1. In this structure, is residue 116 farther than 22 Å from residue 274 by Cβ, assigned by TED's automatic domain parsing to the domain that holds residue 46, out of contact with any helix residue (DSSP H, G or I) (no Cβ under 6 Å at 6 or more places or on another chain) and not in a loop (DSSP other than H, G, I, E, B)?
2. Can you tell me which of (1) at pLDDT 95 or above; (2) touching a strand residue (DSSP E or B) at 6+ places or on another chain (Cβ under 8 Å); (3) more than 26 Å from residue 33 (Cβ to Cβ) is the one residue 282 doesn't meet?
3. Quick one: which residue in 88, 123 is in contact (Cβ under 8 Å) with a residue 12 or more places away in the chain, assigned by TED's automatic domain parsing to the domain that holds residue 45 and crowded, with 21+ Cβ neighbours inside 10 Å?
4. How many residues does region 53-71 hold that are over 8 Å from residue 146 (Cα atoms) and part of a strand (DSSP E or B)?
5. Which of the residues spanning region 146-177 are in contact with a helix residue (DSSP H, G or I) (Cβ under 6 Å, 6 or more places away or on another chain) and either in a loop (DSSP other than H, G, I, E, B) or modelled with pLDDT under 95 (or both)?
6. What residue, among those in region 179-197 that are in contact with a strand residue (DSSP E or B) (Cβ under 6 Å, 6 or more places away or on another chain) and buried (at least 23 other Cβ atoms within 10 Å of the Cβ), is modelled with the lowest pLDDT?
7. Taking the options 61, 129, 99, name whichever one is at pLDDT below 95 and closer than 16 Å to residue 276 by Cβ.
């Protein structure tokens, strides 16, 4: 499981809540065979020691969009391995420390599906930061977005993720249905359940311009009622999708049990959007909602 950073934040109502980097699909989820551009990412330090895992979206054959706290070089991350496989690390064996099919968490085994390194010695890729600011969540811009540039391409026959153009989220009203997709922890209570498998669920937008979002985040429902699902730990950086368009990346949750609400960092902010286009390797597909 990727590192869990926990801080205390005080809402306007003066109620203290736990705010933690977020992630995996919870509640009423299903196996995700639809979004093949959603990938599992394992991060390592300069010595090749495994640090944590996240999810991301392949924007083209060389560029993966994820959360800034995943690519955080201040936390020691310098390189990564990316797997474009629905099974991900689902059969990981703690006894061997390996997933036999894909090679997760420290080996790229093409027999388990397309995979590639990023920032490996001698490689041409690496991790690019937007400037993630740890500890800033509900009331400011924590710049929680990052890019993983692959050393070798991952070629997908059915295409890559589409990025929403600036201001798109402002055209989506409260209550708009969205899709979560990613790998990781799927339940926290009464016991941690971690599949390390790509799962998906639907939720909805609560708000985009209240005090908690500050214009940088999308406030999302993570309540499993009415057939919906949510997000939890282990899959930060996974996409928030409107239809098949990425409008944000999973960023943090307000509750240690992953109940209630989650927040995604908006990728349709003009500064973020321009930064992605400027640092991506190759052309991207974008659309105005």
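The values are calculated or read from the model by the stated rules, or taken from the named source; none is laboratory data. All figures in this text were calculated on a predicted structure; none of them were measured in a lab. So basically every Cβ, Gly included, is an ideal-geometry build from the backbone, and we count neighbours across all protein chains shown.
1. Numbers: farther than 22 Å from residue 274 by Cβ: yes; assigned by TED's automatic domain parsing to the domain that holds residue 46: yes; out of contact with any helix residue (DSSP H, G or I) (no Cβ under 6 Å at 6 or more places or on another chain): yes; not in a loop (DSSP other than H, G, I, E, B): yes.
Against the criterion (farther than 22 Å from residue 274 by Cβ, assigned by TED's automatic domain parsing to the domain that holds residue 46, out of contact with any helix residue (DSSP H, G or I) (no Cβ under 6 Å at 6 or more places or on another chain) and not in a loop (DSSP other than H, G, I, E, B)), residue 116 qualifies.
2. If we test residue 282 against (1) at pLDDT 95 or above; (2) touching a strand residue (DSSP E or B) at 6+ places or on another chain (Cβ under 8 Å); (3) more than 26 Å from residue 33 (Cβ to Cβ), just (3) comes out false.
3. Numbers: 123 fails: crowded, with 21+ Cβ neighbours inside 10 Å.
Exactly one residue qualifies, and that residue is 88.
4. Residues in region 53-71 being over 8 Å from residue 146 (Cα atoms) and part of a strand (DSSP E or B): 8 in total.
5. Residues of region 146-177 in contact with a helix residue (DSSP H, G or I) (Cβ under 6 Å, 6 or more places away or on another chain): 147, 166.
Selection gives 166 alone.
6. 186
7. Values: 61 fails: at pLDDT below 95; 99 fails: closer than 16 Å to residue 276 by Cβ.
On inspection, the qualifying residue turns out to be 129.
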